[in-house]
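FYI, it's all coordinate maths here, none of it is from the lab. Please read these numbers as outputs of a predicted model, since none were measured by experiment. Cβ sites come from the backbone with ideal geometry, for glycine too, and all protein chains shown count toward neighbours.
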Amino acid sequence: MTLHEKIIAIIAEQAVLDVSDVTMDSTVESLGLDSLGLVEAIFAIEEAFDVSIPFNANDPAQSGFDMSSVGAIITAVEGLLAQKAA
């Protein structure tokens, strides 16, 4: 399973959707993820990829981690993995 597939699977699981319902352009809101689901998805991504996501649940806009779409989340995780490898 690729990084993209794994992240999409994690998000789909938290949103209680089929993987085919999650696209790169999907937003957290359009998938129906509430704040708890979003936090659970973040924890699952952190665990799956051994990264620490800079996310502030109290003020998500100030977290410094782009959660505007599934594609943005994937790109941000790729960035964290690149930093970790450097």
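Entry note, the chain: the mean residue ellipticity at 222 nm calculated from DSSP H runs of n ≥ 4, each adding -39500 (n - 2.57), is -16500 deg cm²/dmol after division by the residues and rounding to the nearest 500.
Label zone (Thr2, point 7 Å along Cα-to-C-beta; backbone nitrogen cut-off 17 Å) within the range 25-50: 25-26. Placing pseudo-labels 7 Å out from each Cα toward the beta carbon at Glu29 and Ala82 gives an inter-label distance of 2.8 nm. Converting the Cα gyration tensor eigenvalues of the chain into ellipsoid dimensions via √(5λ) gives semi-axes, longest first, of 18, 16, 11 Å.
Taking the Cα centre of the range 3-85 as origin and assigning +1 to Lys and Arg Cβ atoms and -1 to Asp and Glu Cβ atoms, the resulting dipole is close to 220 debye.
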